[in-house]
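The values are calculated or read from the model by the stated rules, or taken from the named source; none is laboratory data. This is a predicted model, so every value here is computed, not measured. Cβ placement follows ideal geometry from the backbone for every residue including glycine, while neighbour counts extend to all protein chains displayed.
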Amino acid sequence: MYVFFLRKKSIFLVALLLSGLLALSTHEIVLPTSMNTIFASSEKVAYLTFDDGPTSSVTPKILDILKEYQIKATFFLLGSNAETHPDLVKRIYEEGHTIGNHGYSHNNAKLYASKEAFLKEIHKTDEIIGTILGIKNYSCHIFRFPNGSTARAYCQEKQEAMKWLEEIGYDYIDWNALNKDSERKYSNQVLMENLKESAKGKGTLVVLMHDTGDVNKTYDILADSINFLLSEGYNFKELTSPEH
Ligand SMILES: [Zn+2]
C-alpha cells in the first residue's frame, strides 16, 4: 500500500543498503508518502486526534464540544478501554468520528514482544470495536503507534511493525502539532501556548491530544483550541481509512 521514498531509485537504494547499519544506529525512519503528504500540505486543514480513550471522565466532554462545533475528529482507541466503555465506542462512531486503532495494552514490551503479539493487539482491538458496533470482520485500517512511530524506544521493532501493518491493510499516522497534555505538568494557558507554538508556520495539522483522565484537562482548552484554529483559517476533518 505504501510507496516509500527511494523505492524506485536504485542508486539511492544501494546507498541506503550500504548505510543501513548507520541508519539504524541513528534511528533514521523512512516515512510512508501518505503521512508525509499530509504533513507537507499547505492546505489549512486540522485533524484533531484523541488518543488512549475512551474514558468515562473525559471522552463525553470532548464529544459534547465537538458536537457543539459540528466538528469531526479521530479517536485512536485502546482495546482495553474500548472493552470497558462500549457505550462510548458506539457514541464516537454514531456521531461520525473516525475510530483508529492504538493497540490493546499501550505496553510497548508486550506490543513488540513478537510479530504475533503485535498483530494480536491490533486484531483484538478491531474485534472488540467490531463486536460493540455489530460489524463483522471490522478493521480500523489506521493505527497510531503508542509514543509515535519515530520515538527512539523500540525503533527497530517499529520498523518491522510498519511492514506487518502493511500486510494487514493498515496505514499509520503520527502528528505534527500537540499541546503536550500527556506531560501532565502544564497549566491551561501553557497548553494553549504549546499548541500555538507547534502549529506555527504549518499548513495541514494533525493535532495530538488525549481523552484520558490522567492528563492535563485538554477538554478545558478544547473550545479555545478550536477557536484559535478557526481564527487561523483552518477547516476540520477526520482522518479516513481507505474504505471510507
Ligand atoms: Zn497513546
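Select, from Tyr104, Tyr69, Tyr93, Tyr112, the only residue that is within 14 Å of the ligand (Cβ to nearest atom) and at pLDDT 95 or above. Talk me through it step by step, then tell me what you get.
Details: Tyr69 fails: within 14 Å of the ligand (Cβ to nearest atom); Tyr93 fails: within 14 Å of the ligand (Cβ to nearest atom); Tyr112 fails: within 14 Å of the ligand (Cβ to nearest atom).
Going through Tyr104, Tyr69, Tyr93, Tyr112 in turn, the sole match is Tyr104.
Which residue out of Thr150, Thr125 is exposed (fewer than 15 other Cβ atoms within 10 Å of the Cβ) and within 16 Å of the ligand (Cβ to nearest atom)? Talk me through it step by step, then tell me what you get.
Values: Thr125 fails: exposed (fewer than 15 other Cβ atoms within 10 Å of the Cβ).
From the options Thr150, Thr125, the qualifying one is Thr150.
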Review point. Which of the following residues is farther than 20 Å from Leu195 by Cα, in contact with a helix residue (DSSP H, G or I) (Cβ under 9 Å, 6 or more places away or on another chain) and modelled with pLDDT under 50: Leu88, Leu13, Leu31?
Key: Leu31
Check your understanding: Which is touching a His at 6+ places or on another chain (Cβ under 7 Å), among the charged types (D, E, K, R) and more than 18 Å from Phe118 (Cα to Cα), of Glu183, Glu238, Glu197, Glu232?
Key -> Glu238
Practice item. Check whether at least one residue in the range 71-78 is in a helix (DSSP H, G or I) and either more than 18 Å from Asp174 (Cα to Cα) or not assigned by TED's automatic domain parsing to the domain that holds Glu157 (or both), and report yes or no. Key: no
Exercise for review: Mind counting the residues in the range 179-207 that are over 18 Å from Ser57 (Cβ atoms) and surrounded by fewer than 23 Cβ atoms within 10 Å (Cβ to Cβ)?
Suggested key: 20
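Take the residues in the range 38-66 that are part of a loop (DSSP other than H, G, I, E, B) and within 16 Å of the ligand (Cβ to nearest atom), then tell me which one is nearest to Tyr172 (Cα to Cα). Reasoning before the result, please.
Pass one, the range 38-66, residues part of a loop (DSSP other than H, G, I, E, B): 41-44, 52-58.
From what's left, within 16 Å of the ligand (Cβ to nearest atom): 52-55, 58.
Working: Asp52: 15, Gly53: 18, Pro54: 19, Thr55: 23, Val58: 25 Å.
Once the filter is applied, the top-ranked residue is Asp52.
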Revision key, fill the gap. With the first residue restricted to the range 194-211 and required to be more than 17 Å from Asp174 (Cβ to Cβ), and the second required to be at pLDDT 95 or above and among the hydroxyl-bearing types (Ser, Thr, Tyr), Cβ contacts under 8 Å at 6 or more apart or on different chains are Asp211/Thr55; Asp211/Thr59
Practice item. Please state which of the following conditions Arg144 fails to meet, knowing it meets all the rest: (1) more than 24 Å from Val58 (Cβ to Cβ); (2) within 14 Å of the ligand (Cβ to nearest atom); (3) basic (Lys, Arg). Key: (1)
Practice item. Give the residue, chosen from Thr150, Thr218, that is in the same structural domain as Lys90 (by TED's automatic domain parsing), touching a residue at least 40 places away in the same chain (Cβ under 8 Å), under 28 Å from Ala113 (Cβ atoms) and touching a Leu at 6+ places or on another chain (Cβ under 9 Å). Key: Thr150
